[in-house]
Amino acid sequence: MRKRTLTALLSVSLLTACSSGSDSGNTNSNTKIVAAPVFQNVSVHDPSVIKVEDTYYVFGSHLASAKSKDLLSWTQISSGVADGNVLIPNVKEELSETLAWAQSDTLWAPDVIQLADGKFYMYYDACRGDSPLSAMGIAVADSIEGPYKNAGIILKSGMTGVGDDGEIYDATVKPNVVDPDVFFDKDGKLWMVYGSYSGGIFVLQLDAKTGFPLPDQGYGKKLLGANHARIEGPYMLYSPETDYYYLFLSYGGLDASGGYNIRVARSKNPDGPFEDSAGQEMINAQGTAGVLFDDPAYSPYGVKLMGNFEFQNTEVESASVGDGYISPGHNSAYYDKDTGKYYLIFHTRFPGRGEEHEVRVHQMFMNSEDWPVVAPHRYSGETIGKYKQKEVTGDYKYINHNKDITADVVESEPIALTDDGKISGAVTGTWKLSGEHTAELTIDGTIYYGVFLREWNEGTGSQVMTFTATSKEGVSIWGSHVSVE
């Protein structure tokens with residue numbers, strides 16, 4: 001689709017039903033005037049989430065961490081690989097072997113899990129960065145906030161000669177041992193999925209008591225990737241609702257010009273094989289031999305949930321600043337069995353803010369095809385409701401995330417969902433609301449399955465109706481209602 005700046009004047013007429021007056025209880029309004037949620041932002045690159053009692057914690061690169069009780073307001077706990085960091089107070093000495101092997105002075109994306117002994121196991125890793133010379137180990141603590149003590153290195157990569165699997169290490173087919181995610185499957189078995197660029201994404205079974213790899217697995221089983229495909233940051237989430245294991249991935253480069261984007265595949269088994277919504281086997285998502293970072297070779301694989309975007313505000317909206325992300329990625333995910341809510345937790349950069357990054361949380365939902373769809377705006381405590389057709393009709397700012405890996409920003413375009421079930425404006429088609437909030441949109445002949453959701457739009461400072469949906473081709477679309485006060 002076209003990527004352009006939204007014109008000040010909408011090409012579709014504003015419907016009077018969209019406007020909201022001072023009565024926030026008016027169910028006919030698509031824009032609600034409500035109290036603004038309180039956000040407190042933090043910087044944790046590559047956030048991996050764990051909930052301990054009533055508190056969510058995220059751990060990320062450079063020994064950064066933060067915590068929150070509501071996923072809105074975060075408090076920074078630590079940052080920086082330097083002695084005195086509360087997580088590992090003597091980190092330079094404690095992890096000296098790891099840092100020496102990786103020829104690095106910092107740590108990359110870790111993961112923390114609690115095992116049956118009640119202790120917390122941090123899977124840390126360090127990498128040289130311009131090569132897959134990496135080491136991964138485990139550090140253990142009695143408290144989630146540390147201090148963590150090193151229990152030893154479990155994997156190494158990037159060596160000249162024989163690797164940890166007894167074979168000659170070849171970076172085009174063997175893993176870079178970084179970006180771990182450790183998880184229990186539905187039967188209580190412990191696994192670790194990991195990898196970045198180089199030879200791909202691998203999964204390894206662990207001892208559920210010690211946290212160390214079970215013997216005789218080498219690097220484990222390959223799930224996808226090879227030939228330095230820009231695919232990294234794997235994270236696994238099991239859904240008891242669908243009985244699928246969802247493998248989240250980040251494609252592209254993490255910086256503001258790298259085109260980072262979040263994708264997902266699924267399997268009935270924790271060790272695969274994984275497929276995308278088009279039925280493509282993810283093991284075939286790999287680069288081309290002899291070609292460095294051949295993005296077009298693997299960009300068709302995986303359901304793309306989110307990439308660069310910006311909702312452009314219109315002249316009828318009082319806010320002058322849009323809402324959007326640059327290079328969102330390296331996510332974790334969380335399922336709350338008590339509420340049935342799914343959350344996507346990731347870092348992102350922002351339009352016009354360079355390499356500055358912050359943690360963001362968005363709610364997710366399973367669509368009618370058992371694929372996750374992501375709410376267009378950050379989580380503000382909302383719960384999906386039962387909506388009527390008149391609440392859904394109106395003028396929207398429309399985003400199509402496409403399937404490419406690109407630094408281009410998809411800017412919203414104007415469309416209208418009219419009460420006769422038609423879609424007009426920048427794209428045309430039909431739409432329908434079924435059940436309480438199930439959305440089905442047909443645009444240019446392609447069907448998208450998702451949900452309608454009322455949520456807070458930080459860019460306009462108002463609560464608006466939105467939609468999120470994905471197609472069988474793995475393309476996600478969003479809509480955010482034009483806020484009219």
Q. Just to be sure, is Ala297 in a loop (DSSP other than H, G, I, E, B) and either under 25 Å from Pro47 (Cβ atoms) or touching a residue at least 12 places away in the same chain (Cβ under 8 Å) (or both)?
A. no
Q) Only one of (1) aliphatic (A, V, I, L, M); (2) in contact (Cβ under 8 Å) with a residue 60 or more places away in the chain; (3) open to solvent by 10 Å² or more (accessible area, probe 1.4 Å) fails for Ala416. Which number is that? A) (3)
Q.
If I filter the stretch 333-343 for residues that are open to solvent by less than 30 Å² (accessible area, probe 1.4 Å), touching a Lys or Arg at 6+ places or on another chain (Cβ under 9 Å) and either aliphatic (A, V, I, L, M) or more than 20 Å from Pro47 (Cβ to Cβ) (or both), do I get at least one hit?
A. no
Q. Restricting attention to the stretch 395-411, does a residue exist that is small (Gly, Ala, Ser) and either more than 29 Å from Val42 (Cα to Cα) or open to solvent by less than 10 Å² (accessible area, probe 1.4 Å) (or both)?
A. no
Q: Evaluate the stretch 101-112: report whether one residue or more is among the small types (Gly, Ala, Ser), touching a Phe, Trp or Tyr at 6+ places or on another chain (Cβ under 9 Å), in a strand (DSSP E or B) and surrounded by 15 or more Cβ atoms within 10 Å (Cβ to Cβ).
A: no
(Q) I'd like to check something: does the stretch 90-98 contain any residue that is among the acidic types (Asp, Glu), touching a His at 6+ places or on another chain (Cβ under 9 Å), modelled with pLDDT of 95 or more and closer than 30 Å to Met136 by Cβ? (A) no
Q) Any idea how many residues of the stretch 216-232 are over 23 Å from Lys186 (Cβ atoms) and touching an Asp or Glu at 6+ places or on another chain (Cβ under 6 Å)? A) 3
Q. Quick check: is even one residue across the stretch 127-146 in contact with a Leu (Cβ under 8 Å, 6 or more places away or on another chain) and part of a loop (DSSP other than H, G, I, E, B)?
A. yes
Q: Give me the pairs, please: first residue somewhere in the stretch 232-244 and open to solvent by 40 Å² or more (accessible area, probe 1.4 Å), second residue anywhere and not in a strand (DSSP E or B), beta-carbon distance under 6 Å, and either six or more positions apart or on two chains.
A: Tyr238/Lys186
Q. For residues in the stretch 155-189 being farther than 22 Å from Ile283 by Cα and of a type in the set (A, V, I, L, M, F, W, C), which is farthest from the chain's Cα centre (by Cα)?
A. Val162
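Hey, among Thr430, Thr470, which residue is free of Cβ contacts under 8 Å to residues at least 40 places away in the same chain, in contact with a Gly (Cβ under 9 Å, 6 or more places away or on another chain) and assigned to a strand (DSSP E or B)?
Unique residue meeting the criteria: Thr430.
Go through the stretch 145-162 and count every residue that is open to solvent by 10 Å² or more (accessible area, probe 1.4 Å) and on the phi < 0 side of the Ramachandran plot.
Qualifying residue count, the stretch 145-162: 11.
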(Q) Going through Glu356, Glu440, Glu436, Glu369 one at a time, which residue ends up being in contact with a strand residue (DSSP E or B) (Cβ under 6 Å, 6 or more places away or on another chain) and part of a loop (DSSP other than H, G, I, E, B)? (A) Glu369
(Q) Can you pull out every residue in the stretch 187-202 that is within 22 Å of Asp243 (Cα to Cα), open to solvent by 30 Å² or more (accessible area, probe 1.4 Å) and in contact (Cβ under 8 Å) with a residue 60 or more places away in the chain? (A) Lys189
Q: Could you list all residues from the stretch 249-294 that are over 17 Å from Arg349 (Cα atoms), among the polar types (S, T, N, Q) and either open to solvent by 70 Å² or more (accessible area, probe 1.4 Å) or part of a loop (DSSP other than H, G, I, E, B) (or both)?
A: Asn269, Ser277, Gln280, Asn284, Gln286, Thr288
Q: Please indicate, with yes or no, whether at least one residue in the stretch 307-319 is over 27 Å from Thr446 (Cβ atoms), at pLDDT 95 or above and buried (at least 20 other Cβ atoms within 10 Å of the Cβ).
A: no
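The values are calculated or read from the model by the stated rules, or taken from the named source; none is laboratory data. Please read these numbers as outputs of a predicted model, since none were measured by experiment. As a convention, Cβ positions derive from the backbone with ideal geometry for all residues, glycine included, and neighbour counts pool all protein chains shown. Side chains included, ligands, DNA and RNA excluded: accessible areas come from the protein's heavy atoms. Shrake-Rupley method; radii C 1.70, N 1.55, O 1.52, S 1.80 Å.
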